[in-house]
Amino acid sequence: MMDLKLQLLELFNAEADDLSRILSKFQKQTLSKNQFYTEQDKPCRTFSYIESGYFRVFCHTESREVTQWIAGKGYFITDLASFIFNQPNSWSIQALTDSTIYTLQQSDYQLFEQEIPSWSIMEKRFMAKCFMQMESRIFKFISTSAEERYQEYFENNRDVFQQVPFQYIASVLGMSAETLSRIRAKVNS
């Protein structure tokens with residue numbers, strides 16, 4: 001719970017009382033390997049912090065399955081459009097390992113607007129950080145080569161390579177599993 005507290009403090013820059021109120025609404029939950037947190041085309045009414053384990057965020061297109069992100073300890077997971085705007089999920093989120101998360105219900109999240117006077121400022125800050133991360137990821141994706149993307153991802157996520165099937169990592173990096181294998185062989189030789 002201490003890691004969650006630090007993450008919330010960084011994200012929301014909340015006062016102590018507000019932070020305590022927010023933390024009190026998160027409930028500890030465990031998911032088994034392969035269990036779905038949420039599924040594509042269904043509503044997502046939860047927002048969670050990963051204490052342990054790995055999740056993949058993915059969707060099925062007409063021609064293939066695309067893994068958009070792999071999240072581990074210290075990350076938050078939700079389908080943000082579904083959680084905020086009550087749309088059907090664009091993504092499925094599935095536990096890749098046995099996992100422990102702290103979960104906030106949408107109904108509690110919505111009450112923060114009434115219970116916490118500075119909530120709109122904190123939420124705006126959080127959304128801006130989400131947008132900045134997305135912007136950075138898109139820029140890196142379009143401005144670097146496949147080998148550069150692999151090297152940066154490997155340097156920042158070495159443990160993922162021990163826990164997650166390569167085809168999911170390859171998809172996150174925008175390449176085939178074969179291309180990922182070739183790049184790994186080249187880098188490791």
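Observations on the model:
- Where GluC sites (Glu not before Pro) fall in DSSP loop in region 18-82, at most 11 other Cβ within 10 Å: E62
- Full-stretch length increase - E39, K186 - with 0.36 nm per residue and alpha-carbon distance subtracted: 49.3 nm
- Each residue, A81 and H60, gets one label point 7 Å from its Cα in the Cβ direction; the gap between the two is 1.8 nm.
- Candidates F76, F131, F154, ranked by Gaussian network fluctuation over the chain, Cα under 10 Å, top entry: F131
- Using a Gaussian network model of the chain in which every pair of alpha carbons under 10 angstrom is joined by a spring, one finds that among S145, S32, S92 the greatest mean-square fluctuation is at S145.
- Per residue, the solvent-accessible area of region 3-134 (1.4 Å probe, heavy atoms of protein chains only, all protein chains present) comes to 54 Å².
- Qualifying aspartates and glutamates (Cα of each under 13 Å from Cα of K140; at least 8 residues distant if same chain): E148, E152
- Of the labelled figures (i) 43; (ii) 47; (iii) 52, only one reflects percent of Cα pairs over 23 Å apart as derived from the coordinates, namely (ii).
- Take every Cα pair under 8 Å whose residues are at least 6 apart in sequence, average their separation, divide by the length of the chain, and the relative contact order is 24 percent.
- Charged-residue dipole, Cβ positions (Lys, Arg, Asp, Glu), the chain about Cα centre, Debye nearest 20: 420 debye
- Within the assembled protein chains, the solvent-accessible surface assigned to C130 is about 40 Å², based on a 1.4 Å probe.
- 21 Å Cα-Cα reach of K124 towards lysines, excluding residues that sit fewer than 8 places from it in its own chain: K5, K25
- Length released on extending from S107 to S90, taking residue separation times 0.36 nm less the Cα-Cα span: 4.1 nm
- Placing +1 on the Cβ of every Lys and Arg and -1 on the Cβ of every Asp and Glu, with no other charges, gives region 88-189 a dipole of roughly 400 debye about its Cα centre.
- Estimated FRET transfer efficiency (E155, A177; beta-carbon r; R0 25 Å; 0.05): 0.80
- Choice from Q105, Q133, Q87 with maximal GNM fluctuation in the chain (Cα, 10 Å cutoff): Q133
- The fraction of accessible area contributed by carbon and sulfur in region 9-87 is 45 percent, rounded to a whole number (1.4 Å probe; ligands and nucleic acids excluded).
- Span-rule helices in the chain, defined as complete DSSP H runs reaching 27 Å or more along the axis (Cα) with Kyte mean at least -1.0: 119-143
The values are calculated or read from the model by the stated rules, or taken from the named source; none is laboratory data. Computed from a predicted structure; not experimentally measured. Positions of Cβ are backbone-derived with ideal geometry, glycine not excepted, and every protein chain shown enters the neighbour counts. When the accessible area is computed, the model is the full protein with side chains, heavy atoms only, and any ligands, DNA or RNA have been set aside. Shrake-Rupley method; radii C 1.70, N 1.55, O 1.52, S 1.80 Å.
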